[in-house]
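Following: one structure in structure tokens, then a few remarks.
The values are calculated or read from the model by the stated rules, or taken from the named source; none is laboratory data. These figures come from a predicted structure and were not determined experimentally. Glycine gets a Cβ as well: all are built from the backbone with ideal geometry, and neighbour counts include every protein chain shown. Heavy atoms of the whole protein, side chains included, go into the accessibility calculation; ligands, DNA and RNA do not. Shrake-Rupley method; radii C 1.70, N 1.55, O 1.52, S 1.80 Å.
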Amino acid sequence: MPNRPSKTGLSRRNFMVGTATAAASIPLLATRAAGSPPEQSPRHSGPVSLTINGQRHDLALDLRTTLLDALRDHVGLTGTKKGCDHGQCGACTVLMDGMRVLSCLTFAVMASGRQVTTIEGLAKEGGPLHPMQQAFVDCDAFQCGYCTPGQIMSAIGCVREGHAASEADIREYMSGNLCRCAAYPNIVAAILQARDETKGA
């Protein structure tokens, strides 16, 4: 059958050759894109000043950086854990002006001018543990320990918010902090033990 051009001047053979050439070039474009550095937009970067555990940190961050990533990757405080990164497990809990927040859902710029406390800031080096930390040790309120920093920070917030009057209250207001090892009864016991001391700590 002759290769007749259409009314647009494009023959079937030319169309097939052009399609095959375009398909073959896609992997090359993908490889080039993968090897290229990501484009940085200056409008998304800026200075961010954070006060963490009483110490000021002046950082240059992408303004979309979460507080969790700022703590771990830019300040070097890795006690705050990255769990689900979706605000569902509580492993990243820190205190902001004494109130608990999920640092994976909080932009670092939102903490500017606020007092951020992480697990590293609860006790001075060489000094006694915070009452809640000591209670977690005494009550064996952890197993693998991955969720423990978030559990302790959330427990302190729970007490300060006035939600530790009973075991039922503690279970309810600590329900956002998951423990894959299921140390929940010991966590409740630790909070009850440290409750009175934590109110004034």
- [ ] Return the residue satisfying two criteria in turn: it lies in the stretch 86-108 and is hydrophobic (A, V, I, L, M, F, W, C) and open to solvent by 60 Å² or more (accessible area, probe 1.4 Å), and of such residues it is nearest to Leu59 (Cα to Cα).
- [x] Phe107
- [ ] Scan the stretch 145-163 for residues that are open to solvent by less than 60 Å² (accessible area, probe 1.4 Å) and not in a loop (DSSP other than H, G, I, E, B) and jot them down.
- [x] Thr148, Pro149, Gly150, Gln151, Ile152, Met153, Ser154, Ala155, Ile156, Gly157, Cys158, Val159
TODO: Report whether or not Glu120 is surrounded by fewer than 20 Cβ atoms within 10 Å (Cβ to Cβ) and either under 14 Å from the mean Cα position of the chain (by Cα) or more than 29 Å from Asp58 (Cβ to Cβ) (or both).
DONE: no
- [ ] Out of Gly83, Gly127, Gly79, report the one residue that is free of Cβ contacts under 8 Å to residues at least 12 places away in the same chain, open to solvent by less than 60 Å² (accessible area, probe 1.4 Å) and under 23 Å from Ala190 (Cα atoms).
- [x] Gly127
- [ ] Sort out which residues of the stretch 164-188 are open to solvent by 40 Å² or more (accessible area, probe 1.4 Å) and either over 24 Å from the mean Cα position of the chain (by Cα) or of a type in the set (Lys, Arg) (or both), and write them in order of number.
- [x] Ala165, Ser166, Glu167, Ala168, Asp169, Arg171, Arg180, Pro185, Asn186
Task: Set Gly87, Gly113, Gly83, Gly121: member being of a type outside the set (A, V, I, L, M, F, W, C), in contact with a Gly (Cβ under 9 Å, 6 or more places away or on another chain) and at positive phi - done: Gly87
Task: So Gln193, is it open to solvent by less than 20 Å² (accessible area, probe 1.4 Å) and either at pLDDT below 95 or in a helix (DSSP H, G or I) (or both) - done: no
Task: Failed item in (1) in contact (Cβ under 8 Å) with a residue 40 or more places away in the chain; (2) in a helix (DSSP H, G or I), with Phe142 passing the rest - done: (2)
Task: strands (runs of 3 or more DSSP E) enclosed by the stretch 55-134 - at least 2 residues per element that are over 24 Å from Glu161 (Cα atoms) and modelled with pLDDT of 95 or more - done: 55-62
Open item on the list: Is it the case, given these coordinates, that Arg160 is in contact (Cβ under 8 Å) with a residue 40 or more places away in the chain and basic (Lys, Arg)?
Closed with: yes
